[in-house]
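Student: Dropping a structure here in C-alpha cells format, bear with me for questions.
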Amino acid sequence: MAERSAPVGVMDSGVGGLSVLAEIQRLLPNESLLYVADSGHVPYGEKSPDYIRQRLRHIAAFFHEQGAKAMVLACNTATVAAVADLRELYPDWPLVGMEPAVKPAAAATRSGVVGVLATTGTLQSAKFAALLDRFANDVRVVTQPCPGLVECIEAGDLSSQHLRQMLEGYVQPLLAAGCDTLILGCTHYPFLRPMLAQIVPAQTAIIDTGAAVARQLQRLLGAQVLLADGPSRDTAFWSSADPDGLQRVLPQLWGKAGSVQRFPL
C-alpha cells in the first residue's frame, strides 16, 4: 500500500507536460512530483503506437522503482497509444491520461465549429474518433495536424518569426472554416497561448485539459486516501536527452530553475 507522502510520477514525450505539472502543483501543492521528459524520443506524434507503448512501459517501471503512488501521462499521443496497456499491467495503480477537450469545446462554441490543433498521432487515433462520436454530434470539428510546433517549444522557442508563421499557417484554415473555439490537443501547445492570442480574434475560446487532468488526479488519490497532507519535496526532473536541454528551458516553461538528471536508458 502506497503512503500519502509518496510522489506522483508525471511524464511527457518532452517539455509539454510541464504545462500539466504546473496545474497539478497549483491544485495539489502538498504533492511531491517526479517528471520524466522522454526528449530523446520526441516527437511521439510521428512514432508508431508499438514504439510508444515500449517507451511507456519503461517509464512506468521507472516510476514504480521510485515509489510513485500514481502516474500521469501528460501527453495526448502517449495516452492514445499506451494508457490501456498500462492499466492492464498495473490494475491497482492510479493512472491519469489526457484527451483533447472535445466535450467542453462542443459546449463552448457559439458558431458550431470547433478547431483542433494536435499531433498527427492524436488526430489519426481511434480514441480521438471515438471522442468525436461521443461528444461532437452537434458541432463541426475541423482538425489541423501541426508538425514542427513541438520541436520549437522543446528548443524554448515561443516567440520567433518562424514559429509565428508556422502557427498562423495552422490556425488560419480553422478560422476561415468558422471556428470560434480552439482545442489545444497537445500538452506543448498551452505554451503558445500568448502568441495564439495575438493571432486569433479576441472572442475565440482556447481550451486545453491540464486543469481537468489535475482534478482527475485529485479524485483518484482521494478515492484511495492517498492525498498528501504534509509539505512537498522539490520536484525531481529526468530527461532521456541531454539533461542540459531541459535544464535550460525550465525557468522559461516551469517558472523556476531545477536540477535535471539523465533518465536511465
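The values are calculated or read from the model by the stated rules, or taken from the named source; none is laboratory data. It should be emphasised that the depicted structure is a prediction, and the values quoted were computed from it without experimental measurement. All Cβ positions, glycine included, derive from the backbone under ideal geometry; neighbour counts span all protein chains shown.
Student: Is it the case that some residue within the stretch 97-118 is of a type outside the set (Asp, Glu), buried (at least 16 other Cβ atoms within 10 Å of the Cβ), touching a Pro at 6+ places or on another chain (Cβ under 7 Å) and not in a helix (DSSP H, G or I)?
Tutor: Scanning the stretch 97-118 turns up at least one residue that is of a type outside the set (Asp, Glu), buried (at least 16 other Cβ atoms within 10 Å of the Cβ), touching a Pro at 6+ places or on another chain (Cβ under 7 Å) and not in a helix (DSSP H, G or I).
Student: Shifting gears a bit: Check 123, 158 and return the single one that is touching a Ser or Thr at 6+ places or on another chain (Cβ under 7 Å) and among the aliphatic types (A, V, I, L, M).
Tutor: The conditions single out 123.
Student: If I go through the stretch 193-215 residue by residue, how many of them are assigned to a helix (DSSP H, G or I) and over 30 Å from residue 227 (Cβ atoms)?
Tutor: 6
Student: Residues being modelled with pLDDT under 95 and of a type in the set (S, T, N, Q): count how many of those fall in the stretch 80-119.
Tutor: 1
Student: So, one more: Out of 15, 20, report the one residue that is outside the structural domain of residue 130 (by TED's automatic domain parsing), at pLDDT 95 or above, under 24 Å from residue 128 (Cβ atoms) and in contact with a Gly (Cβ under 7 Å, 6 or more places away or on another chain).
Tutor: Testing whether each residue is outside the structural domain of residue 130 (by TED's automatic domain parsing), at pLDDT 95 or above, under 24 Å from residue 128 (Cβ atoms) and in contact with a Gly (Cβ under 7 Å, 6 or more places away or on another chain) leaves just 20.
Student: Moving on. Based on what the data block shows, is residue 52 closer than 20 Å to residue 131 by Cβ, modelled with pLDDT of 95 or more, among the β-branched types (Val, Ile, Thr) and not assigned by TED's automatic domain parsing to the domain that holds residue 182?
Tutor: So residue 52 passes the test.
Student: Quick one: count up the residues across the stretch 11-21 that are outside any strand (DSSP E or B), closer than 15 Å to residue 71 by Cα and among the hydrophobic types (A, V, I, L, M, F, W, C).
Tutor: Residues meeting the conditions: 3.
Student: Can you tell me which residues in the stretch 23-49 are surrounded by fewer than 24 Cβ atoms within 10 Å (Cβ to Cβ) and either outside the structural domain of residue 83 (by TED's automatic domain parsing) or part of a helix (DSSP H, G or I) (or both)?
Tutor: 23, 25, 26, 27, 39, 40, 41, 46, 49
Student: Search the stretch 135-161 for residues being free of Cβ contacts under 8 Å to residues at least 24 places away in the same chain and in a helix (DSSP H, G or I), and hand back the single one that is farthest from residue 40 (Cα to Cα).
Tutor: For the stretch 135-161, the residue satisfying everything is 161.
Student: Out of all the residues in the stretch 135-154, which are under 17 Å from the mean Cα position of the chain (by Cα) and surrounded by fewer than 17 Cβ atoms within 10 Å (Cβ to Cβ)?
Tutor: 147, 148, 151
Student: Filter the stretch 125-134 down to the residues that are at pLDDT 90 or above and surrounded by 15 or more Cβ atoms within 10 Å (Cβ to Cβ), then identify the one that is farthest from residue 82 (Cα to Cα).
Tutor: So the residue we want is 132.
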